[in-house]
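One structure is given below, encoded as structure tokens.
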Amino acid sequence: MQTISRSTGYMGAGIVGILLSAGYLHMTLDLPMGEIDQPGAGVFPLLVAGVLFVASISSLWEGWHHRANSPTLDLPEGSDRTRLLKLIALLLVYFLIIPWAGFSLSSILFCTLLIRLLSELTWVRSAVYALFMTAAIHIIFITILKVPMPAGVLIEIFRS
């Protein structure tokens, strides 16, 4: 069984979180911030990037300061490792296809596959739940909060 120290895991998670928050912040800066009385679409993502950055720094600090007496953690094996690697691959594919397929189509596909990966539900039930989840996210973020999400190159082709 392979193991790593808990402090190594904390530091790794902190570094990945810092990189993700920096990338997210970079994308957020293109969004309008609005005014104090009328926040723009970029305010919420800016807050999320800030919270992720602070949490990542905290994780990095915790790992760094407890390196000496850090207990070990067992890395996943067998089907658990396979499921974890599939989840990571699914997330990467999701982020890569959003610009081309758009937020809605990508999210429905991602949620359907994620539900199937993590549960015993049928394909149809997974797809129905994915539709509801994507619709809820669309209503909250796109309709109410006015966060612009990519429509996707495929959608633009079909619209013209």
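Considering region 58-75, the residues that are out of contact with any Gly (no Cβ under 7 Å at 6 or more places or on another chain) and surrounded by 13 or more Cβ atoms within 10 Å (Cβ to Cβ) include one that is nearest to HIS26 (Cα to Cα), namely SER58.
Residues that are open to solvent by 60 Å² or more (accessible area, probe 1.4 Å) and in a helix (DSSP H, G or I) were ranked within region 1-12; the one that is nearest to SER58 (Cα to Cα) is TYR10.
Residues in region 114-141 that are under 23 Å from TRP100 (Cβ atoms) and open to solvent by less than 50 Å² (accessible area, probe 1.4 Å): LEU114, ILE115, LEU117, SER126, ALA127, ALA130, THR134, ALA135. Scanning region 93-106 finds no residues that are in contact with a Lys or Arg (Cβ under 8 Å, 6 or more places away or on another chain), surrounded by 15 or more Cβ atoms within 10 Å (Cβ to Cβ) and in contact (Cβ under 8 Å) with a residue 24 or more places away in the chain. Condition first: more than 30 Å from SER79 (Cβ to Cβ), modelled with pLDDT of 90 or more and not β-branched (Val, Ile, Thr). Can you find one or more residues in region 3-21 that meet it? For region 3-21, residues more than 30 Å from SER79 (Cβ to Cβ), modelled with pLDDT of 90 or more and not β-branched (Val, Ile, Thr): present.
Could you please let me know if ALA41 is small (Gly, Ala, Ser), under 25 Å from PHE110 (Cβ atoms), surrounded by 13 or more Cβ atoms within 10 Å (Cβ to Cβ) and out of contact with any helix residue (DSSP H, G or I) (no Cβ under 6 Å at 6 or more places or on another chain)?
Details: small (Gly, Ala, Ser): yes; under 25 Å from PHE110 (Cβ atoms): yes; surrounded by 13 or more Cβ atoms within 10 Å (Cβ to Cβ): yes; out of contact with any helix residue (DSSP H, G or I) (no Cβ under 6 Å at 6 or more places or on another chain): yes.
Spelling it out, ALA41 is indeed small (Gly, Ala, Ser), under 25 Å from PHE110 (Cβ atoms), surrounded by 13 or more Cβ atoms within 10 Å (Cβ to Cβ) and out of contact with any helix residue (DSSP H, G or I) (no Cβ under 6 Å at 6 or more places or on another chain).
Among the residues of region 26-53, those that are assigned to a loop (DSSP other than H, G, I, E, B), of a type outside the set (Val, Ile, Thr) and out of contact with any Gly (no Cβ under 6 Å at 6 or more places or on another chain) comprise LEU29, ASP30, GLU35, ASP37, GLN38, ALA41, GLY42.
The values are calculated or read from the model by the stated rules, or taken from the named source; none is laboratory data. These numbers come from a predicted model, not from an experiment. Cβ coordinates were reconstructed from backbone atoms using ideal geometry, including for glycine residues, and neighbour counts include every protein chain displayed. Each accessible area value is taken on the protein alone, full model and side chains, heavy atoms only, with ligands, DNA and RNA left out. Shrake-Rupley method; radii C 1.70, N 1.55, O 1.52, S 1.80 Å.
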